[in-house]
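Let me begin by presenting the structure, written as structure tokens, before commenting on it.
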Amino acid sequence: MARKSIAQRWFLNSFLVVLAILTAIVTASGLLLHNFYYSAVRQSLKARASTVSSILLRYSSGTVGSNFYTEMRSYIESFPDKDYMELMAIDPYGNVSITSSGFSYTSKQDRMPDYQDALTSADGMGYYVGRLSNGQKIMAVTQIVSVVNSEFSAMRFVVSLETVDKVITNLVMGICGAALAVLALVLVFGLLFVRSIVRPVREIGAAARQIARGDLKSRIVKISDDEIGELCETINFMADELENSERLKNEFISSVSHELRTPLTAIKGWAETLMSMESDPATLQKGMRVITAETERLSGMVEELLDFSRIQDGRLKMNFQKMDILAELGEAVLIYTEKARQEDIEVTYREPEMLPFIYGDKNRLRQVFINVIDNAIKYSDPGGSVKIDAFQRGEDILITVADSGIGIQPEDLPKIKTKFFKANYSRRGSGIGLAVADEIIQMHHGSIDIESTPGVGTTVIITIPVRTGEEPAPEEGRLLTQGS
Ligand code: ADP
């Protein structure tokens, strides 16, 4: 069991509290029952004492001249309740002279504190609860006799408390039993409840550790439809995402390796050709052109990878300055016009007269335009067309690149700007170009929107706000997240 397990916490926070409450209830009900029964017995003794006292008063007045002692004795001896109560007559010296049972209930050494109390109390009544010398528990009430005579000074009523104590004990035992039953139920249901939490949590922990160790296929079976079930779903979702990202990473590594190998093979091939034979100037020139172009392609790819890594750890810096966006767009179009022509793709650029200057990083924006135009050509087939437009709408400059290429499936469209994502593996590319472009445009407070219909074409809309006045505080090096 863990050092501070849920079961221990439940035991301390719930079970011990219930135990304390039940103990308090049992103790309080014991005290209440004790008080209730004892005061009921006391009241009944007191009532009996006043009744007997008034009877004696009647005797003393009604039997003028008769022997009061004889009347008294016969009343005590025939006392109707003598089965459960003893009536005693006490003489003026404080000794028991007559008892209803015929023999002295109290022995000589038994004190009678109730008699002493009665002598001093205003209503002539005394009360005592205690034990006799034989260990028996009694309750006694003494009533001073107001009739003036030489034989009796008081009447004393004594009852044994054993039956009452037994009743109280039985009731308290009953309450204790009920409390124990409640406690047992709380314990059983509490432990079942704790088990129902602890067991799945342990299973979830084991599965999560398995996932952490690299078993990304491992999933947790959702056991319940509550918060624990939700936790299972979240961990499964996390495993899905990890698996997805692991897959994307592997695909990325493989496509980047492939991308790097293609220009390297071309460079190596031409270098060997140029070295091995007596090349004529035309072949030499062609070879050198290929080597230069492929080297540029390689360094472009390495730059893209470096940018991506800069974005990942927040080191991508922007060099904001007042710039002419059309100049950069024009240059990017120019770079690709020849390439498009070679691939039989018609590039149309409707250059506007002029657009307002913006604050931006011209190299980075050119990089974005190159990436988007490169994609438009790359994902178009020979005979296709790419239309580039730039215009102002309100406070924004919009640049649209629309191609008549293969298009993007609707389910892939939301993931297209995600790092490593490639919807189409038949064409070259690392899957990070749009992710980098999106990050750059976001750092210019703009956005990239993509509309596409499979088989019809794709339109990429780059929106950059026109910023006049002070250079905006660039958000440098934000982390590129999976969903960005
Ligand atoms: P890549 O280097 O693979 O082109 P990008 O990040 O530039 O990576 O693009 C991500 C994916 O988006 C591409 O793999 C491709 O499937 C899709 N894509 C981007 N632009 C276009 C386009 N103009 N037409 C069709 N698909 C496109």
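The values are calculated or read from the model by the stated rules, or taken from the named source; none is laboratory data. Computed from a predicted structure; not experimentally measured. All Cβ positions, even for glycine, are placed from backbone atoms using ideal geometry, and neighbour counts span all protein chains on display. With ligands, DNA and RNA removed, areas are computed over all heavy atoms of the protein, side chains included. Shrake-Rupley method; radii C 1.70, N 1.55, O 1.52, S 1.80 Å.
Here are the numbers for this structure:
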{"quantity": "Accessible area of segment 209-258 belonging to carbon and sulfur atoms, whole % at 1.4 Å probe", "calculated": "55 percent"}
{"quantity": "Selection from Ile416, Pro356, Pro382 lying farthest towards where the dipole of segment 328-452 points positive, charges on Cβ", "calculated": "Ile416"}
{"quantity": "Dipole moment magnitude, nearest 20 debye, the chain about Cα centre, only Lys, Arg, Asp, Glu C-beta charged", "calculated": "2440 debye"}
{"quantity": "Percent of C-alpha pairs per 20 Å bin, the chain, short to long", "calculated": "16, 24, 14, 11, 10, 14, 9, 2, 0"}
{"quantity": "Distance histogram for segment 230-298 (every C-alpha pair counted, 10 angstrom bins, percent rounded to whole numbers)", "calculated": "19, 27, 17, 14, 11, 8, 4, 0"}
{"quantity": "For the chain: accessible area per residue (Å², 1.4 Å)", "calculated": "56 Å²"}
{"quantity": "Estimated [θ] at 222 nm from DSSP helical runs (n ≥ 4, -39500 (n - 2.57)) normalised by residues in the chain, nearest 500", "calculated": "-18000 deg cm²/dmol"}
{"quantity": "Percent carbon-and-sulfur accessible area, segment 266-350, ignoring ligands, DNA and RNA, probe 1.4 Å", "calculated": "56 percent"}
{"quantity": "Axial C-alpha extent at least 24 Å, average Kyte-Doolittle at least 0.5 - helices from the chain (DSSP)", "calculated": "16-62, 162-212"}
{"quantity": "Cut-off 15 Å, label 7 Å out along Cα→Cβ of Thr262, residues of segment 382-421 by amide N", "calculated": "382"}
{"quantity": "Among the listed pairs Lys339/Lys378; Lys222/Lys415; Lys317/Lys419, those beyond 21 Å (Cα-Cα)", "calculated": "Lys222/Lys415"}
{"quantity": "Spin-label model distance (nm) - Tyr69 vs Gln285, 7 Å beyond Cα toward Cβ", "calculated": "16.4 nm"}
{"quantity": "Ser254-Ser146 pseudo-label distance in nm [points 7 Å out on the Cα-to-Cβ vector]", "calculated": "11.6 nm"}
{"quantity": "Over the chain, relative contact order from alpha-carbon pairs under 8 Å, at least 6 apart, %", "calculated": "10 percent"}
{"quantity": "Residues of segment 117-158 with amide N under 14 Å of the 7 Å Cα→Cβ point at Asp165", "calculated": "129-140"}
{"quantity": "Extended-chain gain in nm, criterion 0.36 nm per residue less alpha-carbon gap, Gln312 and Ile55", "calculated": "81.7 nm"}
{"quantity": "Separation of the Ser426 and Glu296 label points, Cα + 7 Å toward Cβ, nm", "calculated": "2.8 nm"}
{"quantity": "Signed unit charges on C-beta, dipole axis of segment 205-301, positive-most listed residue Ile228, Asn250, Pro263", "calculated": "Pro263"}
{"quantity": "Added length on full extension, which subtracts the Cα-Cα distance from 0.36 nm per residue, Thr273 to Arg209", "calculated": "17.5 nm"}
